[in-house]
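J.: Could you have a look at this structure, given as C-alpha cells, before my questions?
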C-alpha cells in the first residue's frame, strides 16, 4: 500500500513538483491572508490539498516542504500545555516545560477578561516554546449541570461571562502567533455517552445560552479555529451539522477560519465537508490502532473518513478547495508561514514572572463563600494550626485532556507551612482518604482511624483548615460526576472537626458545585479555591491569612441539592437522547424564575472589605444605553469589588428570565476609595431570540437595569426605556 500511495503521489505532483518562486504572492507577509491563501491554493495539486484535511498523526498534520507549508502541531490546552501524544511517545522533558494554570472555572471566577488574556498569551508562549503552533482551547461550553464531568474546564453557566473570558483568552493566545481553537461547538454539556448522545435543544436555548460564548470568541476574539463537538445536536452529528457550522458560524458570524473535528468524531466523507468541517483529527497509525479496538467503536469513536483515497473517490474537488483554503488562511493569519517551521522561543515556565501570573490567576478566582469573622486568620495569634483533608497535601486538578503535569505545583499544606514559618506549628492529617486513590484506605475502619487522628489534632489547635473536594479520578473528561455530595467520608470529617474546633475553615478544592448543607451551619467560614493550578496552594495561603483579598465570584450557582437543579429530571438523558427541557432557564435563570433558593447564587463572593453601590444611572446611547455606577470601599483595608449589571425585560411577548447578566467589572479599591464605572449596553443586551423570525429581537419598551453584587444581591435598579 505504501508503494502504491507513493506512486500515486508522484503522478499527482507531476507538473507541480518545483518549489514556488520567492516572489510568489503567498510568501509576501504584507498581503492579506485571504489573498495569500488564494495564491497558495492555486499552486497546489489535489494530493497536496487533501493532505491538509486529515491528520497524519495523533496531534499533527503533514507538512508540505515543496511550498513551505508547515505541519499543524497541536497540543491540548485551556489551562496549560499537556503532555504530547504524537504516536504515543512524548518527549521526556515536555511535561516540565509548561505552566499549570487554574482550571477554566477558576479563571471565570475572576470575572477578569484582562487576566484571561494574559493567561491565554502565556499558554501560547509555552506552546511555541515546545515547538507547537495550535492550541486546542479554550473550552467554551456553558455549564448546564453541576454534575458535568468537564464543568471545571470551561467558564460557568452564564453565556455573557463565558464569552468575555473566552474572547479575551483567544486574543491573548493568538497575539503570540498560535492558532487558538474554541471548543466544543455545540451543546457539549456531558460526558455520559458523549460520542452518541443527541442534545435536543430548542432554538431559543441554542441561540441564547449555548452559542453566544462561541460567537464572542469568534467575532470579538478573532478565533482562527473552532472544534466541533462529539455529540449530536438535534439529530445531526456536530461534525455534520450544517445548521451550526455554516448557517450560524460562517453565514451569521462571518467566521473565516477552519473547523476541526474533535478526535474520532467523523462518520462519513461528503457530509462533514458539505456541513462546514475542514479538518479531521486524528490520523496516522494511532488512529488505525484505536479503530481496531472494539470498545472504541462501541463507544462511538470513528474516523479516517477524510483520508485522501476516500476524498478522491467521493469526487469533492470544490469542497476540498474550500476546506483547504480555510486551513491555509488561518495558518497564514497566525504567521505560521512567516517563520521557520522548527522555530522555538525561550521557555518562561518556572520564571518569577510566570509564577507571579499563575499565582495571580489562582488568587483572583478564590471565592469566599461564607465568613462569620473567622477569616482572615491572624498568624500572630496562632500557636498551632491543624491542616486536614485529602486535598491538603496534594495539588489537585481535574482529569482528561486539560490536565497539565508540572514540577512546579505547590500543595496547600506546603504553602501554609511556608507562609507561617517556624513560629507556628502546623499539624497535618488526611482525615478521609480519597475514594479510589488508595483502595486499601477506602474501608470504614481505615476512615474511622483517619477521622480520629484529624479530630485529635484539630482539638489541640487554635484553628483548623479542612481542605476537601475531588481529584482526577472523580472529576474528569470521560465521565460525569456521580453525586453533588463530597466523596466518601469528607462530610463526616468536616462535621467531626467542627465539633471540636469552633474556628474551622473549610476549603472546597473542586471544579463544580458540591452540596454543603449537612455542615454549613456548623462552620464559620467556607472558601472555594477550585483547581488552582501550580500556584493554587500559595494563593490559598495568601487568601486565608489576609495577604490579599479573595476576589473571586461564583461563575456557577451552588444549588442546595441536586434535585434543585434545572436538569435534575433530564440529565444525562435516556436512550442516547438528552432533552434540554429547561430551555433558556439554565443556572441562575432557572433559580430566579422558579423562586428556588440556591445555596450560593451566581456572582456571589465575599470580600474582607465592604462596598457601597450608588448613583446608578442609565441614559440612551446609540441603539442601547450607557450605564454609570459609583462603587466605594467602606473598609479600612483594600478589597476587590465586582459590580454586575443585569437587565430585566418584563414586556417581551416570549418568556424571559427575571434578569440576565450583561456587563461586569472587576475593581481593586483602596481603603475609602470610590470609583465611577461606565458600562456600554448595545441593543443585543436587550434582545432575545425569536424562533419564528429566526432572528434577535429587542422589544421597545421599559427595561429594568440592576446593579448587583450577585444575581440575588441587587443593590440598585433604574428603569430604562428602549426606543424603536
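J.: Taking the simple approach of a point 7 Å from Cα along Cα-to-Cβ for both residue 63 and residue 288, what is their distance in nm?
T.: In this crude label model, residue 63 to residue 288 measures out at 2.3 nm.
J.: Taking the Cβ-Cβ separation of residue 310 and residue 34 as r and a Förster radius of 35 Å, what is the calculated FRET efficiency to the nearest 0.05?
T.: Values: r = 28 Å, r/R0 = 0.81.
In this case the efficiency is close to 0.75.
J.: Cβ neighbours within 10 Å, averaged per peptide: list 39-45, 699-705, 389-395 in order, most packed at the top.
T.: 389-395, 39-45, 699-705
J.: On full extension of the chain, what length is gained from residue 405 through residue 713, given 0.36 nm per residue of separation minus the C-alpha to C-alpha distance? Walk me through the numbers on the way to the answer.
T.: Numbers: separation 308, 0.36 × 308 = 110.88 nm, distance 3.92 nm.
That works out to 107.0 nm of additional length.
J.: Remind me, relative contact order of the chain in percent, using alpha carbon pairs under 8 angstrom and six or more residues apart?
T.: Over the chain, the number comes to 14 percent.
J.: Okay, next question. Pulled fully out, how much extra length does the chain show between residue 615 and residue 247, if you take 0.36 nm times their separation in residues and subtract their Cα-Cα distance? Mind showing how you got there, number by number?
T.: Numbers: separation 368, 0.36 × 368 = 132.48 nm, distance 4.34 nm.
Fully extending the segment from residue 615 to residue 247 adds 128.1 nm.
J.: Report, in degrees rounded to the nearest 10, the 0 to 90 angle that the Cα long axis of helix 444-459 makes with the longest principal axis of the chain.
T.: Taking the Cα atoms of the chain, the angle to 444-459 is about 50 degrees.
J.: Oh, and also: Mean residue ellipticity at 222 nm from the helices of the chain, using -39,500 (n - 2.57) per DSSP H segment of n ≥ 4 over the full residue count, to the nearest 500 deg cm²/dmol?
T.: Rounded to the nearest 500, it is -7500 deg cm²/dmol.
J.: Next question. Find how many whole Å separate the alpha carbon centroid of segment 407-423 from the alpha carbon centroid of segment 560-575.
T.: With segment 560-575 and segment 407-423 each reduced to a Cα centre, they are spaced 39 Å.
J.: Return, ordered by residue number, the residues of segment 349-374 whose backbone nitrogen is under 11 Å from a label point located 7 Å along Cα→Cβ of residue 637.
T.: 373-374
J.: In degrees from 0 to 90, rounded to the nearest 10, what is the angle of the helix 159-174 Cα long axis to the longest principal axis of the chain?
T.: Helix 159-174 and the main axis of the chain meet at about 60 degrees.
J.: Using only the alpha-carbon atoms, what does segment 360-593 span along each of its principal axes? Please give whole angstrom values in decreasing order.
T.: Between the extreme Cα coordinates on each principal axis of segment 360-593 lie 58, 40, 38 Å.
J.: Segment 692-719 to segment 608-668: how many Å between their Cα centroids?
T.: Taking the Cα centre of segment 608-668 as reference, the centre of segment 692-719 is 11 Å away.
J.: In what order do 181, 140 fall by count of nearby beta-carbon atoms within 10 Å, going from fewest to most?
T.: On the way: 181 28, 140 36.
Going from least to most buried by this count: 181, 140.
J.: Test of understanding: what is the full-extension gain from residue 384 to residue 695, defined as 0.36 nm times their sequence separation minus their Cα-Cα distance?
T.: In short, 105.7 nm is gained.
J.: Over all pairs of distinct alpha carbons, what does the Kirkwood formula give as the hydrodynamic radius of segment 582-659, in Å?
T.: Roughly 15.3 Å, rounded to one decimal.
J.: In degrees from 0 to 90, rounded to the nearest 10, what is the angle of the helix 317-333 Cα long axis to the longest principal axis of the chain?
T.: That works out to roughly 50 degrees.
J.: Only residues of segment 121-145 count here: report those whose backbone N is under 20 Å from the spot 7 Å along Cα→Cβ of residue 343, or say none.
T.: 121-135
J.: Which order do peptides 266-272, 507-513 fall in by mean Cβ count within 10 Å, highest first?
T.: On the way: 266-272: 19.7, 507-513: 26.4.
The packing order, highest mean first, is 507-513, 266-272.
J.: Right, something else. Compute the Kirkwood hydrodynamic radius of segment 432-477, taking the inverse of the mean of 1/r over all pairs of distinct Cα atoms, and give it in Å to one decimal.
T.: Values: mean 1/r = 0.0827 Å⁻¹.
It works out to 12.1 Å.
J.: If one computes the Cα centroid of segment 197-214 and of segment 100-164, what distance in Å separates the two points?
T.: Their Cα centres are 20 Å away from one another.
J.: Another question about this same structure. If you take every DSSP beta bridge fully contained in segment 395-520, what fraction is antiparallel? Give it as a percent rounded to 5.
T.: On the way: 1 of 8 bridges.
If I count the DSSP bridges inside segment 395-520, around 10 percent turn out antiparallel.
J.: Now a separate question. Just the number, please: percent antiparallel of the DSSP beta bridges in segment 611-722, rounded to the nearest 5.
T.: On the way: 42 of 42 bridges.
The antiparallel fraction comes to roughly 100 percent.
J.: Antiparallel as a % of all DSSP beta bridges within the chain, to the nearest 5?
T.: 55
J.: Moving on. For a quick protection proxy, order the peptides 111-121, 284-294 by their average other-Cβ count within 10 Å, most packed first.
T.: Put in order of decreasing packing, that is 111-121, 284-294.
A short reminder: the numbers here are calculations on the coordinates, not readings from a lab. What you are looking at is a predicted structure, and each value in this text was computed from that prediction instead of being measured. Backbone-built Cβ (ideal geometry, glycine too); neighbour counts: all protein chains shown.
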